[in-house]
Amino acid sequence: MNRKEQIALLKYCFQQRNNSRFFKNIMDISGDYSLVNIEEFGGKALPECIYHIKMEPSNSGFFADHNRLLGLLYYADYYGMKAVVEYGEQYSYREDHPVNGTNNPFEYYFEQPCGIGVDELKNYKMVLRCRKENGALAGQLNRSKSGGGKTGYGMTEEYITALGDISRKYIRLNKIVAPMIAESIENMLQGRQVLGVHIRGTDFKRNYNGHPICIDAVEYLHETLKLLDEKKYERVFLATDDSGAIRLFEDNLGDRLIYYTDVVRSSGKETVMKSQSDRADHHYILGYEVLRDMLTLAACQGLVAGLSQVSYSARIQKRSSGQQYEDMKILSKGINYHRKGRNCR
């Protein structure tokens, strides 16, 4: 189906929005309303079909939400629609006041993918409201080639490449955040050959059902030292939410270790995302910190990491720039399935 045919179908669906028999027939065919869940915003009718990505509350981390967003942008791109992104009031990194001139938490950090703001939706007659099921289109790429089933918490190389293409096409830091992060990365890496390491600690130690089995920081250190012996890395950049991992790597690497010192971390099993602080714009800054960590990891030449949304995002970002890591070691002990009493130290 070409773009002209797609738009014609959407227009027809919109015309039939009050036709219960039409909706029943669609449900009989497809099993969901994802192709016909159309909102009408009054105002002047414009020719474009707009895809309104209003993210549902998830209580997830920054890059769990972000990677879901990339899947929805893939859907919009596939059907030739212009996407408008809105993060709601229950978004984990939202403040109760404007940040960087906006009340939309997505825009705290990023430009709108197609330059259209949420407040402009009223000018468009044809607006398709996203559904979380729409992400299944990109999810088809995230299937095991051998067994054909879903990869679980993992991502296939095909899926990472596809999301990298979407990220390159639609994800841009805004004019406030972009220079701040660029300066931070330049000061941190200074053009050196750097091995990036990501360790997901804190609440990951609880071994949530359906999430990767927690791997102790000592094992990450072991793989890091092995690569340092084999390769000519000048520094190790450590991105982690766990202060214990910082101490462990400092004790073993000394001045070869670099990391951001202005980051909120924890030594316990409580997620940093839910932390409270008196610092201004604490929740926004938490998002900024993990975004900066991810982009710094993506600027490194090598990567040691586990199965986490941050490390996947770094790989997606690396791919979006047309590059790959020279060395990459992904640690995994599988996924927790109702395992109890398995805690990392």
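So in the stretch 82-100, with the set limited to residues that are β-branched (Val, Ile, Thr) and within 23 Å of ILE166 (Cβ to Cβ), which one is surrounded by the fewest Cβ atoms within 10 Å (Cβ to Cβ)? Of everything passing the filter in the stretch 82-100, VAL84 is surrounded by the fewest Cβ atoms within 10 Å (Cβ to Cβ).
Yes or no, residue by residue, for (1) part of a loop (DSSP other than H, G, I, E, B); (2) aliphatic (A, V, I, L, M); (3) at pLDDT below 90; (4) surrounded by 14 or more Cβ atoms within 10 Å (Cβ to Cβ):
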{"position": "GLU107", "(1), (2), (3), (4)": "no, no, no, yes"}
{"position": "CYS114", "(1), (2), (3), (4)": "yes, no, no, yes"}
{"position": "ALA138", "(1), (2), (3), (4)": "no, yes, no, yes"}
{"position": "MET155", "(1), (2), (3), (4)": "yes, yes, yes, yes"}
{"position": "GLU158", "(1), (2), (3), (4)": "no, no, no, no"}
{"position": "ALA162", "(1), (2), (3), (4)": "no, yes, no, yes"}
{"position": "MET180", "(1), (2), (3), (4)": "no, yes, no, no"}
{"position": "SER184", "(1), (2), (3), (4)": "no, no, no, yes"}
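Going by the conditions given, is TYR93 closer than 26 Å to CYS214 by Cβ, modelled with pLDDT of 90 or more and touching a Gly at 6+ places or on another chain (Cβ under 6 Å)? Here the answer is yes, as TYR93 does meet what is asked. Out of all the residues in the stretch 29-49, is one or more assigned to a helix (DSSP H, G or I), of a type outside the set (Ser, Thr, Tyr) and either at pLDDT below 95 or touching a Ser or Thr at 6+ places or on another chain (Cβ under 8 Å) (or both)? Yes - at least one qualifying residue is present in the stretch 29-49. For residues in the stretch 186-218 being assigned to a helix (DSSP H, G or I) and modelled with pLDDT of 95 or more, which is farthest from the chain's Cα centre (by Cα)? Among those that are assigned to a helix (DSSP H, G or I) and modelled with pLDDT of 95 or more, it is ASN187.
Just one residue in the set GLY334, GLY287, GLY254 is modelled with pLDDT of 90 or more and within 24 Å of ASN67 (Cα to Cα); that residue is GLY287.
The values are calculated or read from the model by the stated rules, or taken from the named source; none is laboratory data. Model, not experiment: these values are computed from the prediction. Because the Cβ atoms are built from the backbone with ideal geometry, glycine has one as well, and the counts that use them run over all protein chains shown.
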